[in-house]
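Shown next, in structure tokens, is the structure this report addresses.
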Amino acid sequence: MPSAQPFQKNRVLSGMRPTGKLHLGNYMGALHNWVGLQDKHECYFFIADYHALTTDYADPSSVKENTLEVGMDFLAAGLDPEKSALFVQSHVVQHAELHLLLSMITSLGWLERVPSYKDQQENIVGKDLTTYGFLGYPLLQSADILVYQPEFVPVGQDQAAHVELTREIARRFNFFYPRGGQHPRDRGKHPGIRPVTVVRWEGEEVLPEPQALLTPSPKLPGTDGRKMSKSYGNFILLTDPEPEIRQKLKTMITDPDRIRRTDKGNPEVCPVFDLHKVFSSNETQLKVREGCTTAGIGCIECKGWAADSIVAALKPIQERRKPYEEHPERVWEILEDGGAKARKRAEQTMVEVREVMGLAPRRRGSIGE
Ligand code: SF4
């Protein structure tokens, strides 16, 4: 009888920019999901410090500190360095090398059409973003992904377009550089400049096209009712102490039509209730529905219950963080160890990439000797 095949885990890769301490939106939109993935897959999670430089190149003074804060939040949220490689992007130089090589085959038009490129140029004020690095950041994201040849990339809906671009770039790369195949010139085809004209080359590919693993992210409003975000200043940090959480909740906007305590409210249009849906028990949610729609409770009381639920949810996260805050050198060690694991995997890809692009050294492993 043939022996059973060992279970092969899928490889998963995702990253986050070092924006400093993370907030509840970062946690529910990504980290919470990553923690669940690490038991089922071979996971690589990184802090994207190169990406921070695409917008903060003129003043990188906070990049290192912010990287450490995000590293602590990764660990506090429950990412386990025994299960996942946790690392800093710039510690794995293969990201930069693949970015450079992919830039040779990437049309400027593809990058200029990325929706967030124009949006961010218009919305981020006080910074000159007419740079080569900023235009190329979606390509750097593609290199970040493809250098691990992952099957899946967990992303929110707003990042799905970036995974699609990554797939197009991988397709174009595989067309030009098939593993052990003919060059397109000899196949009488030209891949053209638009992605739709790229003909899929059958066979094993050096850069397989990854799938987006869409993260089910609940609606998580900030205190002003808009999406929770550092740039809106409407966030609750994972590290916020209880009094601060209660204070922030007190200022949160509610159902705009519930002006007086005696007015009946509608939880479905209230951002505070969105928080209850994520953090409160069914029992508390029922109590809120009943009390709000009959004017049986006031908003202050309701916000107090939301604060109770958030404080309870953050307690284990804050407790896990404490020892790392006392010993930040331990976090750097974990990120170094994760970097070594990531470099090893990324280098496997780069050996193949260099080879099919005609860059392979005479002997494998002879680069830098
Ligand atoms: S009682 Fe709660 S759900 Fe109703 S409007 Fe006030 S804060 Fe919102």
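The values are calculated or read from the model by the stated rules, or taken from the named source; none is laboratory data. Keep in mind it's a predicted model, so treat the numbers as computed, not measured. Cβ coordinates were reconstructed from backbone atoms using ideal geometry, including for glycine residues, and neighbour counts include every protein chain displayed. Ligands, DNA and RNA are excluded from the accessible area calculation, which covers all protein heavy atoms including side chains. Shrake-Rupley method; radii C 1.70, N 1.55, O 1.52, S 1.80 Å.
Which shape class, rounded, prolate or oblate, goes with the range 200-341 when its Cα gyration tensor gives a ≥ b ≥ c as root eigenvalues, a/c under 1.5 marks rounded, and past that a/b bigger than b/c marks prolate? Oblate is the answer for the range 200-341, as a/c is 1.5 or above yet b/c matches or exceeds a/b.
Could you compute the net charge surrounding I253? Neighbours are other residues with a C-beta less than 14 Å from the C-beta of I253; K and R count +1, D and E count -1. In short, +2. Cross-link pairs exceeding 22 Å between alpha carbons, from the set K264/K303; K127/K219; K315/K341: K127/K219; K315/K341. Net charge within 14 Å of A312 by Cβ-Cβ distance, Lys/Arg positive one each and Asp/Glu negative one each, not counting A312 itself? Residues close to A312 contribute a combined charge of -3. Using Cβ point charges alone (K and R +1, D and E -1), the dipole size of the range 268-346 about the Cα centre works out to roughly 400 debye. With each label modelled as a point 7 angstrom along the Cα→C-beta vector, the K264-K277 pair spans 2.1 nm. With contacts taken as Cα pairs under 8 Å at a separation of at least 6 residues, the chain carries a relative contact order of 22 percent. Here the calculated FRET efficiency for E301 and E112, from their Cβ-Cβ distance with R0 = 51 Å, stands at 0.50, rounded to the nearest 0.05.
Per-residue Karplus couplings for the range 59-75, computed as 6.51 cos²θ - 1.76 cosθ + 1.60 with θ equal to phi - 60°, are listed in order as 9, x, 4, 9, 4, 5, 4, 5, 4, 5, 4, 5, x, 5, 5, 4, 5 Hz, Gly and Pro entered as x. Of all DSSP-defined beta bridges confined to the chain, some 10% are antiparallel rather than parallel. One decimal place: the segment E352-Q211 gains 48.7 nm when fully extended, by the rule 0.36 nm per residue minus the C-alpha distance.
Other residues with beta-carbon under 14 Å from the beta-carbon of A52 carry, at +1 per Lys or Arg and -1 per Asp or Glu, a net charge of -2. Rolling a 1.4 Å probe over the heavy atoms of the protein chains gives the chain an accessible area of 51 Å² per residue. If the reach is capped at under 20 angstrom between alpha carbons, list the aspartates and glutamates near K250, excluding any in the same chain fewer than eight residues apart. The qualifying aspartates and glutamates are D224, D240, E242, D263, E268, D274, E301, D308. If you sort the three axes of the alpha carbon gyration tensor as a ≥ b ≥ c, you get a/c of 1.5 or more for the range 16-160 and a/b above b/c, which makes it prolate.
Projected label points at E319 and R179, each 7 Å from Cα along the beta carbon direction, are separated by 4.6 nanometres. Backbone phi angles across the range 14-27, fed through the Karplus curve with coefficients 6.51, -1.76 and 1.60 (θ = phi - 60°), yield HN-Hα couplings of 7, x, 9, 6, x, 9, x, 4, 8, 10, 4, x, 4, 5 Hz in residue order; Gly and Pro are listed as x. Computed in the context of the full set of protein chains, the accessible area of the range 96-146 at 1.4 Å probe radius has 59% of its extent on carbon or sulfur.
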